[in-house]
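Participant: Below: one structure in structure tokens.
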Amino acid sequence: MLTTAVLAPLAGALALVGLRVGERAARWLAVAVSLVPLAAFLAAWAAFDSRSAEQFQLVTAVEWLPTVGVGYRVGVDGVALAVVGVTTVLFTAVIAFPADTRGRARPWYAWLLFLEGVCLGLFVALDLIVFYVFFDLSLVGMYFLISRWGHAGAEAAALKFFLYTLLGSLALLIGMIGLALAMDPITFDMRELIAAQPLAGAGHAVLVLVALLLGLGIKTPVVPFHTWLPAAHVEAPAPASALLAGVLLKMGAFGMIRIPLAMMRETFAAVAPVLGVVAVVSILYGAFVALGQGDIKRRIAYTSVTHMGYTVLGIAAAGGLLAGAEEARALALTGATIEMVAHGLITGALFLITGSLWERTADYAMDAYGGLADRVPRLTAATVVAAFASLGLPGLVGFVAEFQIFVGAFAVYPVLAAVGLLGVLVTAALFLQLLQRVFLGERSGYWDGLRDLDAAEQGSLGVLLALTVVLGVAPAPLLDVVDAGSTLLLGAAG
Amino acid sequence: MRIGHVLPQIVLLVGAATTLVVALVLPRRRQSWSGAVALAALAGTAGAQLSLVATSDQLTFDLLWALDASTHVASILVCAITAVAVLLAREWMVTDPRFGEYHALLLLGALGAIVMAGAADANELVVGVTLSSVTGYTLAAYHRRSALSVEAGMGYFLIGGLSNIVLLVGVVLLFAAAGTTLYADLPGSLAAADPWLLAGAAVGLPVGLAFKVGAVPGHGWVPDVAQGAPLPSAAFLTVVPKVGGVLALARLVDLVPASSRATTAVAVLAALSMTLGNLAALRQEDVRRLLGWSSVSQAGYALMGVAAVQGSDQAVPALLLFLVVYAVANTAAFAVVGLLRGRTRLEDFAGLVSVRPWPAWALTIALLSLVGIPPLAGFAGKFALFTATIDADLAWLAALAVVNTVVSLFYYLRVIAACHLREPPAETVALLGRWSTAAVALAVAGTVVLGLAGGVVLGTAQARPLLP
């Protein structure tokens with residue numbers, strides 16, 4: 001089931017390379033293929049037993065490099081299942097979203113499907129090297145998407161993205177090898193590593209943890225490793241930005257949960273305060289820098305730094321203690337996971353909206369707009385919902401996530417949590433300002449001919465935003481599954 | 001002692017002689033038949049070696065010849081790469097009046113490299129190095145009317161002559177110190193040996209072999225040969241002698257006591273090679289020259305594995321896997337350049353993907369594999385090497401290799417970006433022919449398949465991969 005979800009898009013990508021089909025056919029073929037992982041996810045969701053004591057379910061394992069303990073091993077826990085869910089939804093929405101493929105429709109959709117398979121593979125990986133393989137492949141996919149379909153400075157931005165994140169992924173690889181070498185015999189099996197906690201008490205455990213966190217932190221990204229992100233986002237085509245922010249950034253945070261938090265509990269607890277500080281710095285830095293941006297896309301890009309900061313704060317709080325405050329820590333971890341889901345849906349929608357604007361006006365500057373609300377009501381409504389969700393309005397999914405993160409973090413790191421809350425305030429200010437400048441006020445006559453969202457755009461955005469509302473109002477089913485994952489994860493550690 | 005233990009090498013030698021006779025007898029227009037003979041000889045050699053894999057590992061022929069996983073893998077790999085070079089030569093060299101004899105030189109060069117890899121005696125090592133070198137000079141300078149080719153051959157010859165003398169002096173000093181050149185007897189006699197003589201040997205042997213490996217300090221010929229030699233020779237010479245040299249050095253390093261600084265010395269050479277090769281490759285505008293410098297840096301990664309031989313059981317399997325995946329990807333990249341009739345300036349690759357999508361993608365895959373992007377073969381090799389290096393407590397070297405890998409991505413991406421992101425040329429891009437296409441296809445298929453099936457190489461080399 002999980003393997004199908006990974007392989008179907010990859011096979012679809014190959015098929016698109018081989019088949020000589022037109023632009024429309026390529027798009028619909030890609031949408032159809034992307035429904036396969038969505039269906040597989042729903043089946044996995046149905047088959048998943050959130051009351052089971054087994055942390056990983058739906059496991060498949062095949063040998064790959066047996067002499068060094070590497071195998072194709074996949075499976076999910078509650079945390080992974082939630083992230084897989086948002087990945088499948090967002091990819092289908094983005095692929096269905098109308099895009100300017102510049103006459104190269106087949107490679108465009110092939111790369112999108114490739115990236116979907118890669119992302120899903122990473123989230124279901126139960127072997128460090130399988131995780132790494134997909135981690136690295138996501139760079140290749142994103143490099144080609146940004147450089148071939150991006151804006152003017154895309155090639156340089158894509159190069160920076162590739163170099164920067166390859167450095168991160170190799171640091172991650174070194175850390176993984178450090179972990180696996182501590183096992184006898186050597187193995188990269190995540191379940192065995194979680195059970196064994198191989199480096200507990202070892203002198204070089206901190207070095208290994210720093211290598212892992214460096215790799216994952218660059219991908220997340222946390223300040224000060226975020227500098228590749230604004231360039232990549234601004235130059236990338238909007239659908240690629242939506243995927244980069246909505247799914248690829250999650251790889252870093254998800255990896256922190258899966259690898260250091262689960263496998264190096266003792267060392268992680270010692271380093272967690274530092275990680276918490278880094279998270280809070282990311283929250284505030286991202287929020288204040290976003291507030292200063294006049295470019296809509298850049299502004300949204302920086303809010304990603306803030307939101308990933310919330311996630312990392314939740315993870316730091318969850319791993320901050322070895323014993324005690326179990327409920328609060330599980331709450332923080334659940335919150336961090338829901339934040340990944342929420343940020344995927346919301347920021348995916350926001351970047352798709354900037355794409356719609358660019359298609360119509362070729363302009364990202366906030367000052368160029370004003371008073372669009374009565375001219376393009378549906379676009380306005382979509383932006384308003386997404387912006388309010390992003391700033392954490394109760395009733396929308398962003399609130400569920402941030403509430404849990406902060407409640408959990410207050411129990412472990414009260415000072416950090418209090419300072420971090422400022423970020424929520426600034427985020428609210430920056431989104432309200434954006435709404436006001438773009439949609440309210442005087443409209444220049446220049447925009448009188450602006451088209452509103454068409455049916456396909458409404459469909460994609462509608463699904464994403466409907467989910468932010470539904471999961472905000474009735475988060476219980478999602479919470480059940482994620483809670484099961486985070487309780488077992490911390491429980492297995494304790 | 002059984003003659004069957006060196007049957008593969010005998011087949012190769014007889015094959016080379018037959019190829020030469022065929023080339024001398026046949027008329028000009030039938031010269032390509034000698035290529036067919038060469039391919040048959042290579043297939044026979046590889047097959048014979050494959051049939052020996054099941055034989056128990058041993059030192060044979062009075063302890064002169066190591067029959068172990070390293071010899072098996074090196075022989076089969078060298079045969080495979082030489083076969084690809086023969087395929088590449090079919091269209092590239094066909095206008096040369098001495099086209100047929102070229103194959104004999106390739107086979108003898110391959111034999112030299114295999115002897116280097118399997119030698120369990122320092123004198124025999126010298127025989128292998130000399131055979132490989134003498135044929136190598138000729139292969140590099142085979143385009144007699146091309147100034148670039150002759151210059152490459154001349155430079156190769158000068159550096160090679162000097163290096164081989166240094167190697168020979170090293171072997172003589174080793175014999176003087178230990179009273180034997182047999183690897184099997186060396187560990188016992190080293191303890192009582194004169195440290196000053198040994199120090200001389202410890203300098204001479206690695207420095208001499210660095211020439212074959214294409215590593216610092218013997219790397220000067222690599223970019224010139226990569227750029228100037230006939231393309232099949234360039235593909236052959238940047239891979240085959242390296243395989244032999246790396247394994248010969250690994251056998252020597254494995255012999256010396258752990259207390260000596262041999263490991264550190266090799267680690268320093270590795271660090272210098274990977275860094276220098278990468279920095280020099282950064283700004284190259286000629287793709288063949290770029291591949292040459294990349295080959296220097298890849299030699300550095302291979303030496304990293306040699307440095308780990310004493311400290312980690314994983315090192316030799318990792319080294320063998322790395323040599324295989326490097327050889328395949330490097331050959332694939334050169335084969336694409338050959339298929340494109342030798343167009344080699346970076347700007348000539350502009351927009352290749354929209355004019356010639358399959359060669360462009362083949363080149364992209366080869367280069368990404370050289371970076372080590374999974375699931376291509378290069379990843380499996382680098383991953384295994386990193387593991388062995390860290391296991392051998394050389395984490396600093398692995399960290400340097402990581403930084404170098406990121407640097408190398410920069411110049412490999414320059415080629416990839418040219419293929420994929422630039423405007424395509426107005427004129428058509430001519431291809432060489434179906435034999436070169438077959439060479440590209442084989443090498444690229446290897447690059448993809450070995451990424452998933454690299455475990456086979458690691459598996460053959462598990463138990464006792466390096467004798468004595």
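Coordinate-derived values only; no laboratory data. Remember, it's a predicted structure, so these values are computed and weren't measured experimentally. No Cβ is skipped: glycine too gets one built from the backbone with ideal geometry, and neighbour counts run over all protein chains shown.
Participant: Pop the C-beta distance of B:F175 and A:A32 into the FRET formula with R0 = 51 Å and round what comes out to the nearest 0.05. Working shown, then result.
Facilitator: Values: r = 73 Å, r/R0 = 1.42.
Working from the Cβ atoms, E equals 0.10.
Participant: Let me ask something additional. What is the log10 of I(q)/I(0) for the protein assembly as shown, computed with the Debye formula using one identical point scatterer on each Cα and no solvent, at q = 0.07, 0.08 Å⁻¹?
Facilitator: Results for the protein assembly as shown at q = 0.07, 0.08 Å⁻¹ read -0.61, -0.77.
Participant: Okay, moving on. Just report the Cα centroid separation between the stretch A:81-156 and the stretch B:311-382, whole Å.
Facilitator: One Cα centre to the other: 23 Å.
Participant: If you don't mind, there's one more thing I want to ask. Where does the protein assembly as shown land at 222 nm, in deg cm²/dmol rounded to the nearest 500, when only DSSP H runs of n ≥ 4 count, each adding -39500 (n - 2.57), divided by all residues?
Facilitator: Numbers: 38 runs with 699 residues, N = 962.
Calculated at 222 nm, the ellipticity per residue is -24500 deg cm²/dmol.
Participant: Counting only the backbone N, which residues of the stretch B:364-387 are under 20 Å from the spot 7 Å out from the Cα of A:R104 toward its beta-carbon?
Facilitator: Answer for the stretch B:364-387: B:364-369.
Participant: Convert each backbone phi in the stretch B:241-247 into a coupling constant with the Karplus relation 6.51 cos²θ - 1.76 cosθ + 1.60 (shift: θ = phi - 60°), then list the ³J(HN,Hα) values in order as whole Hz, x for Gly and Pro.
Facilitator: The phi angles translate into x, 4, 4, x, x, 5, 5 Hz.
Participant: Output the 0 to 90 degree angle, nearest 10, between the alpha-carbon long axis of helix A:377-390 and the longest principal axis computed from the alpha carbons of chain A.
Facilitator: With both axes taken from Cα atoms, the answer is about 30 degrees.
Participant: Order by neighbour count: B:H72, B:H143, A:H307, fewest other Cβ atoms within 10 Å first, most last.
Facilitator: Values: B:H72 24, B:H143 20, A:H307 30.
In order of increasing Cβ crowding within 10 Å: B:H143, B:H72, A:H307.
Participant: Take every Cα pair under 8 Å in chain B that's 6+ residues apart, average their separations, divide by the length, and report that relative contact order as a whole percent. Don't jump to the answer; show the numbers that get you there.
Facilitator: Details: 913 pairs, mean separation 75.1, N = 468.
Across chain B, relative contact order equals 16 percent.
Participant: Testing the spin-label approximation: label points 7 Å from Cα along Cα→Cβ at B:S354 and B:A445. State their distance in nm.
Facilitator: The two pseudo-label positions are separated by 3.2 nm.
Participant: Can you run phi through the Karplus equation (6.51, -1.76, 1.60; θ = phi - 60°) for the stretch B:381-386 and list ³J(HN,Hα) in whole Hz, with x for Gly and Pro?
Facilitator: x, 5, 4, 5, 5, 4
Participant: Right, here's the next one. Relative to the first principal axis of the alpha-carbon coordinates of chain A, what is the inclination of helix A:205-219, with its axis defined by its Cα atoms, in degrees from 0 to 90 and to the nearest 10?
Facilitator: 10
Participant: Still on this structure, please answer the following. Between the stretch B:40-79 and the stretch A:350-418, what is the C-alpha centre distance in whole Å?
Facilitator: For the stretch B:40-79 versus the stretch A:350-418, the Cα centre distance is 66 Å.
Participant: How crowded by other chains is B:414-421, given as the mean number of beta carbons from other chains within 10 Å of each beta carbon?
Facilitator: Numbers: counts 1, 0, 5, 6, 0, 0, 6, 7.
Average per residue, whole number: 3.
Participant: Same structure again: Could you state the angle between the C-alpha long axis of helix B:7-25 and the longest principal axis of the C-alpha atoms of chain B, as a value from 0 to 90 degrees rounded to the nearest 10?
Facilitator: The angle comes out near 40 degrees.
Participant: Please compute, for peptide B:374-387, the average count of beta-carbon atoms on other protein chains lying within 10 Å of each residue's beta-carbon.
Facilitator: Working: counts 11, 7, 3, 0, 0, 6, 5, 0, 2, 10, 5, 0, 5, 12.
Mean shielding by partner chains, rounded to a whole number: 5.
Participant: For B:D313 paired with A:V17, estimate the spin-label separation in nm (one decimal), with each label point 7 Å from Cα along the Cα-to-Cβ line.
Facilitator: About 3.9 nm, to one decimal.
Participant: Determine the gain in length on full extension of the stretch A:A61-A:D448; use 0.36 nm per residue of separation and subtract their C-alpha separation, reporting nm with one decimal.
Facilitator: Numbers: separation 387, 0.36 × 387 = 139.32 nm, distance 5.88 nm.
Full-extension gain reported as 133.4 nm.
Participant: Continuing with the same structure: List the aspartates and glutamates whose Cα lies under 20 Å from the Cα of B:K382, skipping any in the same chain that are fewer than 8 positions away.
Facilitator: Answer for B:K382, where 20 Å is the Cα cut-off: A:E63, A:D127, A:D136, A:D189, B:D313, B:D391, B:D393, listed by chain and number.
Participant: Evaluate the charge dipole of the stretch A:2-493 about its Cα centre and quote only its size in Debye, nearest 20, assuming +1 on the Cβ of each Lys and Arg and -1 on the Cβ of each Asp and Glu. Walk me through the numbers on the way to the answer.
Facilitator: Details: 25 positive and 31 negative charges, 172 e Å.
Computed charge dipole of the stretch A:2-493: roughly 820 debye.
Participant: Starting at the first residue of the stretch A:453-469, write each ³J(HN,Hα) from the Karplus equation 6.51 cos²θ - 1.76 cosθ + 1.60 with θ = phi - 60°, in whole Hz, x for Gly and Pro.
Facilitator: Values, residue by residue: 4, 8, 4, 5, 4, 4, x, 4, 5, x, 4, 4, 6, 4, 5, 5, 6 Hz.
Participant: Still on this structure, I have one more. Excluding same-chain residues fewer than 8 positions from A:K297, which lysines have a Cα within less than 25 Å of its Cα?
Facilitator: A:K160, A:K219, A:K250
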